[in-house]
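Q: Attaching a single structure in structure tokens format; questions to follow.
The values are calculated or read from the model by the stated rules, or taken from the named source; none is laboratory data. Note that the coordinates shown come from a computational prediction; the quantities given were computed from them, not determined experimentally. In this analysis, Cβ positions are derived from the backbone assuming ideal geometry, glycine residues included, and neighbour counts consider all displayed protein chains.
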Amino acid sequence: MDLQIALLLGQDGITNGAIYALLALALVLVFAVTRVIFIPQGEFVAFGALTLAGLQAGRLPGTIWLLLALGVVISVIEASRAVRERQFRRIPMILLVNCGVPLLLAGALFALSPAALPLPLQVLLALLVVVPLGPMIYRLAYQPIAEASVLALLIVSVAVHVTLIGLGLLFFGAEGSRTKSFTDVSFAVGDTLLQGQTVLVVVASLVLIVALYFFFERTIYGKALRATAMNRTGARLMGISGSLAGMLSFTLAAAIGAFSGILISPITTIYYDSGFLIGLKGFVGAIIGGLASYPVAAAGAILVGLLEAFSSFWASAFKEVIVFTSIIPVLVWRSLKTRHVEEE
Amino acid sequence: MSRSAIPQATLLLSLFIAALLVAPLLLPEFYLTLLNYIGLYAIVALGLVLLTGVGGLTSFGQAAFVGLGAYTTAYLTTVHDVSPWLTLPAGLLVTALVALSLGLVTLRLSGHFLPLGTIAWGIALYYLFGNLAALGGHTGISGIPPLQFFDLELRSGREFFYLIWAVLLTIILATRNLLDSREGRAIRALKGGAVMAEAMGVNTPRSKLVIFTVAALYAGMSGWLYAHLQRFVNPTPFSLSQGIEYLFMAVVGGVSHVWGAILGAGLITVLKQWLQDWLPSLLGKSGNFEMIVFGLLMILVLQRARDGVWPMLQRFFPQAPVHGPMIKAQALPRRPLPEAGSVLLEVTDACKRFGGLVANDRMSFCVRAGEVMALIGPNGAGKSTMFDGISGVDPLTSGAVSFRGQRIEALPARAIAQRGMSRTFQHVRLLPAMSVIENVAIGTHLRGRKSFVAAAFRSDRGEEARLLQEAAAQIERCGLAEHMHELAGSLPLGKQRAVEIARALASDPCLLLLDEPAAGLRYLEKQALAELLRRLRAEGIGILLVEHDMDFVMGLADRVVVMEFGQKLAAGLPDEIQRNPAVIEAYLGGLE
């Protein structure tokens, strides 16, 4: 291996690592706020990328049907509850939010021809379709058993994951897609060519991380999420609704996932099931941070990206084996630090 | 409940076995193949019942363990011509080694690290199978020899059927036996009672490791059978998604019931077959769309019927609680008690901090054999924290604790229990779904020796009878004889406290830590409790008592220590304490 290859691999590793870091942050956030281990995080990566690819190819992405279907189911559940509680005035709002908005979006997708729109608008449309799926899935799958054990929530996560994988296959087919490059700029660094897209991924990830930091430090909703993460009951007593916090954290996680997918889709071919492995690598990073520390999780995720890049050079067939077994020494180290028996 | 219920259960089981015996003679090949797979899957799902339903842990990587069993025999029989009967132990050994090492690194962490670890491990092993040239890569290994019983070669699914189902029924029986034993009670305490179990001397990490390994061994066994049924292996059936499907089977069938494993394996396998026929033509595309249905089904099951389908069926067959008559057994040996008046427990400068809060601040006192020492103080004074520190449930931040002359402050709760200390909890820690006698029998855990294997094959019955007799004796002593076989969760709180005392006594302690034993008791019950404690004192047991009922304390205690804000406020004889102005002020507030 010479320096040039090392630089190339390092560049690759940091790009992927930046994405894993974003996902790791979202996973830590969701776990801290809701105790949900968000296995389906990766599906949002795939859905974001493939929805954008669909829009660019002039196809109506299947995710819009999912959005409509979830909207209808939530409307039925919420409206029947409103009827039971004799609060009929709430029904129009329920229908508007859960059915009206998705219908409007679907109409827009029909009316405009998204393939002809400028890239930023395509990205915006893709995010508008995919991100609301996050809170909707929280509402339907997790909120009814929000008080269940971490284990039960984890099993629900896995169930949501397989459902979404199946739907992904149904919506996007088995072929992979790539989206158009955001930028064709490239820089020469020594003998190596630094791709503009790569720089964009890293910069966008950094911007997003900084934005998240300000969200949590400076805004009331960010503070509410942090409060819920620290003490669920205490936050509820202070008037922070647990389901609001859950929805909010799932919205953020879905947005981070979909945005990550959109960022990497010009440099990696994304298949309907690619998201799972990407998400799990974020998990390895998050586990390095003990599912609790944001900076350690992000650093761990970068490390995973580098490990992956270099092992693909030395032992490409065993890349996944190496990345996923790297979790074992981490767990050993974590295990040696605890000695206490705890109750679930 | 009707007495005819027990024969009814036996009758159903006999009918089931009879149906299995005649099935290969009547059914066409297609259904037999289906039943063979249901059997193979149920073996794996049974491990998950033990792990998830009983132990409160879970694994998504069981398919990888099936793969270990299958690949070990495939490799050894084809490359090295080893007999399949030798590759079975070899495969189980490999499986056990991997499960033990994976368990050792994850089981001490919070519950969710194990399943996450199994996901990572399931993926890693799948790619390893697919990329190792020695294992045939993604094409796999073919030409695995059939199993042979003397001259009979098991070449067809029809012949294999009996083997699979015999293994499955044996494993079900062994699992049921295991759960109904000393080690089984410890396993059943893992879910929701780990802290209590540790305080009763159960090594909970070890129990977790054992059930994880047993579940892996079941999977490995299934893999060995699979390899010789198919006579061909490739990585696909050992992927993570198959591992997830195994968990679905266990959860849908009923994760807390051994029969739920068969039911779940049957339901999911048949449903999958059916969906794979219908969905692609319905959707006009080919692919594993049945996973959409399975995923949604799982979410619904977990939201609406977390116990799965089996309990719904069980409702149609009312079952009497199965408890045989008590067998007269030899009494368990007693621990020699220290001489009355000798110092049992000595606490020196004990401190406990929770962040900035100092819950115990330089507490020092001692307890002697054959005395009742009361620890009193207003709510929040740090009494229960002191108990947790002494008994190792929540170790002290600093300070020394000596018990019978040995330092114990750095020991885990189970090691302290081993030395003869036992306790009750202020917030009752019973296993509500277990009977009173089973709860109390957990207290006898350290007085038995028989292992998991002995329990599975029922060679533990002699010891088990002695343990249960001891538990029954303590239950009678605490005035609960008529509740012996009722569910602990159905008793009123006062009685539940008495069960806690019986459980503590069942461990044959020389020092008893009682945290508010009289709370919720009626007057006569309190008198009976006081009488019991006096008798224990007379036997030479030391008692450390936290209690708010002053009449109870002052009438019983030999010495009293008063705590306030984590510190020792006063110490002395009951009379002195009652006249102590600082104590009166702490309890009643000072005069302005």
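Q: I need every pair where a residue in segment B:3-32 that is on the phi > 0 side of the Ramachandran plot has its Cβ under 8 Å from the Cβ of a residue that is modelled with pLDDT of 90 or more, sequence separation at least 6 or different chains.
A: The qualifying pairs do not exist here.
Q: Also: What number goes with the only condition from (1) at pLDDT below 80; (2) more than 9 Å from every other protein chain (Cβ to nearest Cβ) that residue A:309 does not pass?
A: It is condition (1) that residue A:309 fails.
Q: Let me ask something else. For segment B:377-392, name all the residues that are touching a helix residue (DSSP H, G or I) at 6+ places or on another chain (Cβ under 8 Å) and of a type in the set (Gly, Ala, Ser).
A: B:377, B:391, B:392, listed by residue number.
Q: Between a residue in segment B:155-167 that is assigned by TED's automatic domain parsing to the domain that holds residue B:143 and surrounded by 14 or more Cβ atoms within 10 Å (Cβ to Cβ) and any residue that is polar (S, T, N, Q) and assigned to a helix (DSSP H, G or I), which pairs come within a Cβ distance under 9 Å, given they are 6 or more apart or on different chains?
A: Taking only residues 6 or more apart or on different chains, the pairs are B:157/B:33; B:157/B:36; B:160/B:36; B:161/B:36; B:164/B:36; B:164/B:222; B:165/B:36; B:167/B:222.
Q: Identify, please: which residue in segment B:393-418 is within 14 Å of chain A (Cβ to nearest Cβ) and β-branched (Val, Ile, Thr) and is, among those, farthest from the chain's Cα centre (by Cα)?
A: B:397
Q: Of everything in segment B:169-191, what is of a type in the set (Ser, Thr, Tyr) and under 23 Å from residue B:205 (Cβ atoms)? Give them in sequence order.
A: Within segment B:169-191, B:175, B:181 meet the criteria.
Q: I'd like the full set of residues that are more than 29 Å from residue A:57 (Cβ to Cβ) and loosely packed, with under 12 Cβ neighbours inside 10 Å, limited to segment A:172-217.
A: A:187, A:188, A:189, A:190, A:191, A:210, A:211, A:214, A:217
Q: Condition first: assigned to a helix (DSSP H, G or I) and at pLDDT below 90. Can you find one or more residues in segment A:156-172 that meet it?
A: no
Q: Tell me, which helices (runs of 4 or more DSSP H) lie completely within segment A:259-344 with 2 or more residues that are under 17 Å from the mean Cα position of the chain (by Cα) and in contact (Cβ under 8 Å) with a residue 40 or more places away in the chain?
A: A:274-288, A:294-314
Q: Among the residues of segment A:114-131, is there at least one that is touching a strand residue (DSSP E or B) at 6+ places or on another chain (Cβ under 6 Å) and in contact (Cβ under 8 Å) with a residue 60 or more places away in the chain?
A: Looking through segment A:114-131, none of the residues is touching a strand residue (DSSP E or B) at 6+ places or on another chain (Cβ under 6 Å) and in contact (Cβ under 8 Å) with a residue 60 or more places away in the chain.
Q: To continue, here is another question. Among the listed residues B:128, B:107, identify the single one that is hydrophobic (A, V, I, L, M, F, W, C), touching a Pro at 6+ places or on another chain (Cβ under 8 Å) and facing another protein chain (nearest Cβ under 9 Å).
A: Result of the check over B:128, B:107: B:107.
Q: Report those strands (runs of 3 or more DSSP E) wholly inside segment B:468-582 carrying at least 3 residues which are crowded, with 23+ Cβ neighbours inside 10 Å and at pLDDT 90 or above.
A: B:511-515, B:542-546, B:559-564
Q: Give segment B:438-459 a look and list any residue that's part of a helix (DSSP H, G or I) and more than 15 Å from residue B:503 (Cβ to Cβ), or say none.
A: Across segment B:438-459, the qualifying residues are B:452, B:453, B:454, B:455, B:456.
Q: Same structure, new question: For residues that are more than 7 Å from chain A (Cβ to nearest Cβ) and of a type outside the set (Val, Ile, Thr), tally how many sit in segment B:286-299.
A: Total meeting the criteria: 3.
Q: Right, something else. Hey, residue A:99 hits all of (1) surrounded by fewer than 18 Cβ atoms within 10 Å (Cβ to Cβ); (2) out of contact with any helix residue (DSSP H, G or I) (no Cβ under 6 Å at 6 or more places or on another chain) but one; which does it fall short on?
A: All conditions are met except number (2).
Q: For segment B:250-281, how many residues are exposed (fewer than 15 other Cβ atoms within 10 Å of the Cβ) and hydrophobic (A, V, I, L, M, F, W, C)?
A: Here the count works out to 3.
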